[in-house]
Amino acid sequence: MVFSSPIFLFAFLPLFLAIYYLTPFRGKSWVILGASYLFYAWWRIDFVLLFFAVTLWNYWNGLLIARAEGAAAKRWLVAGVLVNLGVLGYFKYANFGIENLNALLVALGGAPLQLAHIILPIGISFYIFHCISYLVDLHRKDAEPIGRFVDFAAFIALFPQLICGPILRYKDLAPQFRARTHSVELFAQGAVRFMIGFVKKVLIADSIAPLVDMCFGAAEPGMLDAWIGGLAFCLQLYFDFSGYSSMAVGIGLMMGFRLTENFNMPFLSQSYSEFWRRWHMSLMTWLRDYVYIPLGGSSGGLASTNRNIFITIMASALWHGANWTFVMLGLFMAGVMMLERIAGASGKPVPGLRGALKVVGYMLITIPVFIMFRAESVTQGLVVWSGMAGLHGWQGDAVHLFYPALSLLLVAVGLLVVYAVEPLYVGRPLLEARRPAQAVADRVLLIVVLPLFLLAVSRLLAQHYTPFLYFAF
């Protein structure tokens, strides 16, 4: 089940909210847990058993960590993390490993291994990271073990973020399971956030998708095709994923939860390091706190800092998928960030024309990086890169003659939203008392969003099913 589906909009969400609000607070975790497991089982009911087993193991392991001291607590932590990484590694990377091993065996004249294809459970990258953060926070004494199993299971399974994030950390959400506020104002804020995310996904991301598919499907894309396709994909991915994140935050607010924000205007960044601090912030913050800082962070010299950057960024890239394209993505990302560190170019943003030029410059770096994010193979990515370099000429195989007019229009609208509209609203809660000019801007937003949401719902009912891009990760 996905947020942008009729069954979710007109059946699951309203029914869940009705039951949730009619249930006393102590029973709300049971409602969340039941609804979340139904939400997950809508994809494949058999993987609910794996999900429950992982949840049960981490709850039990967390109790052991909390009760132990010193070396014993550390041993239980290591055991817990290794089991979690083992589950993630098996389901996410076993196919990739076997495929590459078979390619090596065939090249050496041997026979390939015959193993069944392993299905990747949806959302496993997210809920495994939730579990690891819980165990580490307990070991660090940053949080107390959760009392009731149902509260822990509801935290891990919380359906707004279950299959596409944002990545939650137990220490941030634990107090909200003990007590949280439910109000008309908070519900209204959540409804507006949900509508904004829905419009981003259905009206912008889905409308840009045909243009992206056309450009990436070209045998020899010209320079114009490759750059337009790359720009379009950056916007498609941003509005798809930030749209989902906005819907997740919105549903959380309707339930009284304040979930982690996942985006903070990344395309306004003036350095590549800043871009990745603003993009998928919950993942990058998680990696900073649980990988980069434990490795030593930037406390050592330049060489050790760059080593830690490289390990963290490669972990981020490989977290997204088991493919050589993500290895290339990680190498490119880490390389740019290490060069920035060496050149001292990742400092504070600067205002004015110089700052605007830096924004444009880093956008021109970001577009080629995202090519490997979209490419189905390294070969396809290299084809698009060669097109960007002009190796297929300006026109290439003339894909641009058939650009969908609506997709081009929505690329322009997407750029307008990113650079002009979002800076007015991102980072501040809607529907709260504020200065008169801001209140007017909020009213204008509401007047615009509601009809756009209704238009998006109408388009959803008329179009084919389109999954969220991040479901693949």
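The values are calculated or read from the model by the stated rules, or taken from the named source; none is laboratory data. Quick caveat: nothing in here was measured; it's all calculated off a predicted structure. For neighbour counting, all protein chains shown are included, and Cβ atoms are generated from backbone atoms with ideal geometry for every residue, glycine included.
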When the range 281-322 is checked residue by residue, the ones that are in a loop (DSSP other than H, G, I, E, B) and either aliphatic (A, V, I, L, M) or out of contact with any helix residue (DSSP H, G or I) (no Cβ under 7 Å at 6 or more places or on another chain) (or both) are SER299, GLY300, GLY301, ALA322
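So if I check each of LEU268, LEU253, which one is over 30 Å from PHE16 (Cα atoms), of a type in the set (A, V, I, L, M, F, W, C) and more than 17 Å from the chain's Cα centre (by Cα)?
Only one candidate qualifies: LEU268.
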Within the range 338-380, residues closer than 20 Å to GLY321 by Cβ and outside any loop (DSSP other than H, G, I, E, B) come out as THR366, ILE367, PRO368, VAL369, PHE370, ILE371, MET372, PHE373, ARG374, VAL378, THR379, GLN380
Listed by first then second residue, the pairs whose first member lies in the range 134-163 and is surrounded by 18 or more Cβ atoms within 10 Å (Cβ to Cβ) and assigned to a helix (DSSP H, G or I), whose partner is at pLDDT below 90 and of a type in the set (Phe, Trp, Tyr), with beta carbons under 6 Å and at least 6 positions apart or on separate chains, are TYR134/TYR170; ASP137/TYR170; ASP151/PHE177
By residue number, the members of the range 173-186 that are crowded, with 17+ Cβ neighbours inside 10 Å and in contact (Cβ under 8 Å) with a residue 60 or more places away in the chain are LEU173, PHE177, LEU186
Within the range 19-28, the residues that are surrounded by 16 or more Cβ atoms within 10 Å (Cβ to Cβ) and either aromatic (Phe, Trp, Tyr) or touching a strand residue (DSSP E or B) at 6+ places or on another chain (Cβ under 6 Å) (or both) are TYR20
Flagged in the range 120-133 as more than 16 Å from the chain's Cα centre (by Cα) and without any contact (Cβ under 8 Å) to a residue 60 or more places away in the chain, in numbering order, are LEU120
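Every residue, every condition in (1) within 25 Å of the chain's Cα centre (by Cα); (2) surrounded by fewer than 20 Cβ atoms within 10 Å (Cβ to Cβ); (3) more than 25 Å from LEU253 (Cβ to Cβ), yes or no:
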| residue | (1), (2), (3) |
| --- | --- |
| TRP30 | no, yes, no |
| ALA35 | yes, no, no |
| LEU38 | yes, yes, no |
| TRP42 | yes, yes, no |
| ILE45 | yes, yes, yes |
| PHE52 | yes, yes, yes |
| LEU64 | no, yes, yes |
| ARG67 | no, yes, yes |
Exactly one of LEU283, LEU287, LEU302 is over 21 Å from SER125 (Cβ atoms) and of a type in the set (A, V, I, L, M, F, W, C), and that one is LEU302
Residue hits (the range 349-378; exposed (fewer than 13 other Cβ atoms within 10 Å of the Cβ) and under 21 Å from TRP319 (Cβ atoms)) are GLU376, SER377
